[in-house]
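Only one structure is covered here, and it is reproduced in the block below.
The values are calculated or read from the model by the stated rules, or taken from the named source; none is laboratory data. Note that this is a predicted model, so its numbers are computed, not measured. When we count neighbours, we look across all protein chains shown, and the Cβ atoms used for this are built from the backbone with ideal geometry, even at glycine. Areas reflect the complete protein model, heavy atoms only, side chains present, ligands, DNA and RNA absent. Shrake-Rupley method; radii C 1.70, N 1.55, O 1.52, S 1.80 Å.
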Amino acid sequence: RAMKLRCAGAVSGAFDVGDAATVGELMDALAKRVGVPGEDLRVFAGGRSLPADASTTLESLGVSEKTRLVVSRVRRDPAIEAQARRAAQEQARADRLAKIEQAAEALASRAGERARFELEDQDGDGLAGVSENDRKALVCGLTLHQKGRMMLDAGDFADALGVFELAEEAFAVADRALTENLDNVPILRLDAAWAQFQEFRRGDAAAAGSIDAGAERLRLCREGFARAHGPNLERLRAVHGGCSPELGLYVRLELLEGVLAIRAGDAEEARKKLKAASEKRDALLSVIRPESVAALASMGIDGPEATRALRFCDGNVDAAAAHVMDARAKAEAAAEAAA
């Protein structure tokens, strides 16, 4: 039968606890009455604190209508609560990262390789004061992105997209203050959108909707490039001594934006975007002169390595050679450190 208990404190007077038969049921009823979670209440019955075990029966404790309850609210320290919330958030990030790391390790193992990355900001300076979880998130994102690009180059567009999505998730775990001014995340988004586009070109019916859904990815990509490179690439040129090494990224970005404009029926926007992509592509091709390629070949730099370096350095042969030598030295140092 329903029982009424005499109460004092946060609950005063006679309190109908209904059919409550256990400590847990009594705490639920009191918490509902006070309007706070049960863990924020302390209850004394007959001068003794109720046990923590919610399944303990009130009868076993001798609680009856003659029992007087004293109900008090637990005073919580805001600083301690904030610290506990931060700890819980960090643990959630760590758990999520562990799953992403497993995927990254599995991919690396399958390829028989281990990627090693030096974390640097957009100016080439090492990132300092990075927490362990943030470091893991960034390295996982970079590892997965690198693997996805290998799949993209091999024409495995659907698999590449899946890996890129994992990389996006890894970067999302990192503190946004670390990633919002770097171009790694927008480049990743561009690669993911490019993989969607290539699937669409193959005539995959499912990819037709996917490429339209990629509009948000491209919007975020454009915003990310503006933060990292400057609205008119001024920051990019300042970092690279007047060169625009990432111009090829904008060729792909504006091509994809043009495709989306065509699908949206916006002919004027499509013409503008495709014209801009064509002009940037012509600018890239104009710096790859046969005599420059030959000059680099005489230094032991040929093939794609030479053309990439010339694009990166706006056709300057000396700068392109120095760029390649520096990249090789860094790769050798990383390989030695990993050995």
Practice item. Quick one: which residue in Val74, Val163 is under 30 Å from Leu26 (Cα atoms), open to solvent by less than 60 Å² (accessible area, probe 1.4 Å), modelled with pLDDT of 70 or more and not aromatic (Phe, Trp, Tyr)? Key: Val74
Practice item. For the stretch 109-130, state whether one or more residues are modelled with pLDDT of 65 or more and either exposed (fewer than 14 other Cβ atoms within 10 Å of the Cβ) or among the hydrophobic types (A, V, I, L, M, F, W, C) (or both). Key: yes
Review point. From the list Ala14, Ala31, Ala8, which one is touching a Gly at 6+ places or on another chain (Cβ under 8 Å) and either open to solvent by 50 Å² or more (accessible area, probe 1.4 Å) or not charged (D, E, K, R) (or both)?
Key: Ala31
Practice item. Select from the stretch 300-311 the residues that are open to solvent by 80 Å² or more (accessible area, probe 1.4 Å) and farther than 15 Å from Gly248 by Cα and list them in ascending order. Key: Asp302
Review point. Which one of these is open to solvent by 50 Å² or more (accessible area, probe 1.4 Å) and over 30 Å from Phe197 (Cβ atoms): Asp314, Asp318, Asp282, Asp266?
Key: Asp318
Review point. Looking at Leu152, is it out of contact with any Ser or Thr (no Cβ under 9 Å at 6 or more places or on another chain), hydrophobic (A, V, I, L, M, F, W, C), open to solvent by 40 Å² or more (accessible area, probe 1.4 Å) and modelled with pLDDT of 85 or more?
Key: no
Practice item. Would you check which residues across the stretch 285-299 are of a type outside the set (A, V, I, L, M) and surrounded by 12 or more Cβ atoms within 10 Å (Cβ to Cβ) and list them? Key: Arg289, Ser292
Revision key, fill the gap. So, first residue over 17 Å from Asn133 (Cα atoms) and among the charged types (D, E, K, R) in the stretch 75-89, second residue in a helix (DSSP H, G or I) and modelled with pLDDT of 70 or more, Cβ within less than 8 Å, six or more apart or across chains; the pairs are Arg76/Asp40
